[in-house]
Amino acid sequence: MLFPEFDTGVPDLETVLVVTVIDLHSQIAIMKLTISSALFASSLLIFASCKKDKDDSIAPYTVPDTYTFDNVDYQEASAAVKMVINVNGYIGTTQSNTNQVKLDQTKINNLWNNTNNAFDTVSLNSTGISLAAKTADPTVFKGFLDALTTLSNQPLTAASNGTAGYINRNAGKIMVSAKGLEYVQGFQKGTMGATLFKEAIQLLDKVPTSDNNTVTPGKGTAMAHNFDLAFGYLAVPLNYDTTTAFSNANKAAMPLWGGYLYERGRYIQAGYNIFKAFRTGRAAIVAKDYNVVKEQVNIIKLYWEKLAAAAAWEYSVLPQSQGGNLASQLHSLSEGSGFVAALKYRSANSPLTAAKYTELIGLFSQDANFHDLITDANFTKLKAAKEILKAAYGNLQAQ
């Protein structure tokens, strides 16, 4: 003790200091134990959380380089693609040369409704499907067919602003409305959107909630079949080479959307992204890896929509450099307006808002007066349409 002569019963300062130091060490030790326990508990929680996020019931699986899986059937989608091609081929005869080529209204009606064996193959005639039933806004696109049929049966008249007729183009001609819409392109690009793209998006929307347990031989589960049908509407080979340039040589193997993957979607790598997502998503369906299935569905929907937007962008720019060639300008505008129309059937979570789509249609639609669009020296509306697409999707082409 420091002062032993005074024993008052009260702990002396040395004792107090020692006890205080001991208590302090004890509290520190307790604090350390508490912190360590908390950290340990947190680690357990994190580990448990990670363990929960990872579904160990999903066996490892590989994604094939080609769209090759068991129980794949997309004949119905392929039939719809072929029907569009067949109708387009028939109406295209009106433009194959500079002579008058008359279309038959009865044949047009039968092709549209798939009645009376109108197609040139038994398989199409017996599918039980029709463009009339599968096409959204059918009166619009059937209207293009009817108007062209009527025009083809009238004496050939040179087209001008306000007058429907023909304009020579290359070795043939184009047949246009009084506003300059080329009917063949209005129908073809219109049904690419209102029939093929629309059907694919609706199928993809159903995929995540479809049954993936009951297998129908040859078709797979409902989830797999819906996914396969969507792939069929894209119209590419099972071993699609995403680097293959579009040309007349491979046009038959990659018609419609399949051809545009490279022709207008090359800059955004539409072919690579969509084909990879289809292969990955289908493999994930087999493995029941549903998080991956949802991811790939979203990728497909986004890039297919961006492909339509990329084509619309390109055809809003081309007419600005085609001055002096009215036929080429109207041809480009007819294609572009069809791809703009296709965006109507885009996914609900599209980057393009409803308000902006309405604005876009007001600038560049299939009902616009194309003569007015190209006589505007500044191409005001076409440039504004491009900017709307750019704001929604980013750069879609190199320029």
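Nothing in this text is a laboratory measurement; each read-out follows from the coordinates by a stated rule. Please read these numbers as outputs of a predicted model, since none were measured by experiment. Cβ: placed from backbone, ideal geometry, glycine included. Neighbour counts: every protein chain shown.
Table for the structure above
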quantity: Separation in nanometres of the label points that stand 7 Å from Cα toward Cβ, at residue 123 and residue 210; calculated: 2.1 nm
quantity: Relative contact order of the stretch 71-226, defined on C-alpha pairs under 8 angstrom at six or more residues apart (%); calculated: 26 percent
quantity: Rough spin-label spacing in nm, given labels placed 7 Å along Cα→Cβ, for residue 133 and residue 298; calculated: 3.5 nm
quantity: Size of charge dipole - the chain - debye, nearest 20, with Cβ of Lys, Arg +1 and Asp, Glu -1, no other charges; calculated: 1900 debye
quantity: Highest-first arrangement of 129-137, 180-188, where packing means the average Cβ count within 10 Å; calculated: 180-188, 129-137
quantity: Neighbour net charge for residue 346 - beta-carbon separation under 13 angstrom, K R +1, D E -1; calculated: +3
quantity: Fraction of antiparallel bridges per DSSP, the chain only, in percent to nearest 5; calculated: 90 percent
quantity: The chain: DSSP helices with Cα axial extent of at least 30 Å and average Kyte-Doolittle hydropathy no lower than 1.6; calculated: none
quantity: Gaussian network model of the chain, Cα within-10 Å springs - most flexible of 109, 273, 250; calculated: 250
quantity: Gaussian network model of the chain, springs between alpha carbon atoms under 10 Å - residue of 316, 126, 78 with greatest fluctuation; calculated: 126
quantity: Modelled label reach - residue 71, point 7 Å along Cα→Cβ, the stretch 202-235 residues with backbone N closer than 15 Å; calculated: 210-229
quantity: Of 356/390; 276/306; 179/306, pairs whose Cα-Cα distance is over 21 Å; calculated: 179/306
quantity: Candidates 375, 191, 98: whichever shows maximal mean-square fluctuation once the chain is modelled as a Gaussian network with Cα springs under 10 Å; calculated: 375
quantity: Rel. contact order, % - alpha carbon contacts under 8 angstrom, at least six apart, the chain; calculated: 16 percent
quantity: The stretch 150-228, relative contact order [Cα under 8 Å, separation at least 6], %; calculated: 15 percent
quantity: Residue order, fewest to most surrounding Cβ atoms within 10 angstrom, among 293, 215; calculated: 215, 293
quantity: Geometric extent, Cα atoms of the stretch 164-312 - Rg, Dmax (angstrom); calculated: 17.7, 57
quantity: Calculated FRET value between residue 253 and residue 291, using beta carbons and R₀ = 41 Å, to 0.05; calculated: 0.75
